[in-house]
Amino acid sequence: MGKETREFQDLFPKGYVPIILDSLFQAGETLQQETENEHENRISRRLYYRLIRIYPFRSGPLDIRLQPEIVSVDSDKSTPIGQIDFLVSCSLGAEVYFAIEAKRLRVRSTKGRMDAGNDDYVNEGMMRFISGQYAPFMVTGAMLGYVYDGDLKKACSGVAKYIDGKIKELKLMPPKKLAKTSIVAGKTIYETRHDLKKRAFTLYHVFLGV
């Protein structure tokens, strides 16, 4: 079967997406940084240990993996094209998954300087979905922002403002901004919508205070 006929034949089931996003909040309730500028990979590892102990990951129906390699769609490539922080699969094949990329926001350096982290969040996070490096055949994915000073309002505002300056590069669709979504009742989650040629892609944004 050729690429054109199979590309969007199987998609990650949308019904699982709110369950995954809600699980991030549940597992992230007790998540805390160990140092003021701890690398996000260490925090992601602790979050993963919490996630695999709760439904729907403890005994299915979903499987979540920590920082797996993303292989190229070109089967002749011998090196991975990247590494995603979390990958959730549902037994529909290797290319059907929900990808989650985590970045640090509002981190204070050892010298006391505040780094908003917006540049990395957008250019090294969101853009990897837009370019097709992550989730090249899917229509949903998520960004996870670890907010080091706990100020979720400022973190969201900073990311939103940076996104406003990257409308063309991010291929934003209306409303062409970071907007609240009601995908999970009682939780503040945001989304951006992107026009990726043959598919509309929705990227959800979850911010956790650590």
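The values are calculated or read from the model by the stated rules, or taken from the named source; none is laboratory data. All of these numbers come straight from a predicted model, not from anything done at the bench. Glycine gets a Cβ as well: all are built from the backbone with ideal geometry, and neighbour counts include every protein chain shown.
Is there a residue being at pLDDT 90 or above, over 14 Å from the mean Cα position of the chain (by Cα) and within 24 Å of D10 (Cβ to Cβ) anywhere in the range 90-107? Scanning the range 90-107, I find at least one residue that is at pLDDT 90 or above, over 14 Å from the mean Cα position of the chain (by Cα) and within 24 Å of D10 (Cβ to Cβ), so the answer is yes. When the range 27-67 is filtered for residues that are outside any helix (DSSP H, G or I) and within 14 Å of the chain's Cα centre (by Cα), the ones remaining, listed by number, are I64, R65, L66, Q67. In the range 164-210, of all residues being in contact with a helix residue (DSSP H, G or I) (Cβ under 8 Å, 6 or more places away or on another chain), β-branched (V, I, T) and not in a strand (DSSP E or B), the one that is surrounded by the fewest Cβ atoms within 10 Å (Cβ to Cβ) corresponds to T188. The residue of the range 67-89 that is nearest to T202 (Cα to Cα), among those that are charged (D, E, K, R) and modelled with pLDDT of 80 or more, is D85.
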